[in-house]
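Everything on this sheet refers to the single structure shown next.
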Amino acid sequence: MRGFVFGVVVTVLLIVVGGYLFVRFGGVSLATTAAPLPMEEKLAHMALRASIGKSGDQKDPLPVTNDNFLAGVKLYKQDCAVCHGVPAQPSTAISKGMFPPPPQLFEKADMVTDDPDGVTYWKVTHGIRLSGMPGFGTTLSDTERWQVTLLLQQADKLPAAVQAALANTAPPVIPSARALR
């Protein structure tokens, strides 16, 4: 019995030390250009689902109105478009340089229209750690976060006036470091 316990302790220590050395000597690259580690995406999705929990049960309390859509458009362009894009515009250099690449939320493949309202609201509120997605829970009001959620949930069936408002302005221009000197 004593030998078995010793073997378990040694095995655990070897795994911990091996993991430490793997990370310490560059086995886990944090470069956005590096390929994901085996199982990295699966583990990240699993952790995200666990973090979101029952938030998906929440329903957007705002009525579907042009005013709420247009408020969502204004916020989206100000805070989201630089990474998540706008319809019929190319991805920005910022979004192309991120890992994982942020979903282009007005492209059919990346729309969140099939996610429950509460899931989108949770992501807008809390952000997603190690993905570049910030949380807006302290910078946008509850109503503003629901307005962005409403816009994204209805992305595939927006009224023409809202589509025009989205298309009118390109994502905000972020000055380069050179321009700030």
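The values are calculated or read from the model by the stated rules, or taken from the named source; none is laboratory data. Remember, it's a predicted structure, so these values are computed and weren't measured experimentally. Note: ideal-geometry Cβ built from the backbone for every residue, glycine included; neighbour counts use all protein chains shown.
Summary table
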item	result
Residue within the range 33-43 that is in a loop (DSSP other than H, G, I, E, B) and among the small types (Gly, Ala, Ser) present	yes
Evaluation of residue 127 against (1) surrounded by 14 or more Cβ atoms within 10 Å (Cβ to Cβ); (2) out of contact with any strand residue (DSSP E or B) (no Cβ under 8 Å at 6 or more places or on another chain) (one fails), failing number	(2)
Condition met for residue 73 (more than 17 Å from the chain's Cα centre (by Cα), in a helix (DSSP H, G or I) and either at pLDDT 95 or above or not small (Gly, Ala, Ser) (or both))	yes
Qualifying residue in the range 102-121 (condition: in a loop (DSSP other than H, G, I, E, B), over 18 Å from residue 158 (Cβ atoms) and either under 16 Å from the mean Cα position of the chain (by Cα) or touching a residue at least 40 places away in the same chain (Cβ under 8 Å) (or both))	yes
The range 122-151 residues that are part of a helix (DSSP H, G or I) and of a type in the set (D, E, K, R), paired with ones that are modelled with pLDDT of 95 or more and buried (at least 16 other Cβ atoms within 10 Å of the Cβ) (beta carbon under 7 Å, 6 or more apart)	123/133; 144/75; 145/121; 145/124; 145/125; 145/136
Hey, residue 3 of a type outside the set (Phe, Trp, Tyr), part of a helix (DSSP H, G or I) and surrounded by 10 or more Cβ atoms within 10 Å (Cβ to Cβ) or not	no
Flag if residue 141 is surrounded by fewer than 13 Cβ atoms within 10 Å (Cβ to Cβ), assigned by TED's automatic domain parsing to the domain that holds residue 80 and either modelled with pLDDT of 95 or more or more than 18 Å from residue 55 (Cα to Cα) (or both)	yes
Selection status of residue 97, surrounded by fewer than 15 Cβ atoms within 10 Å (Cβ to Cβ) and among the small types (Gly, Ala, Ser)	yes
Options 18, 56: the member that is at pLDDT below 95 and surrounded by fewer than 12 Cβ atoms within 10 Å (Cβ to Cβ)	18
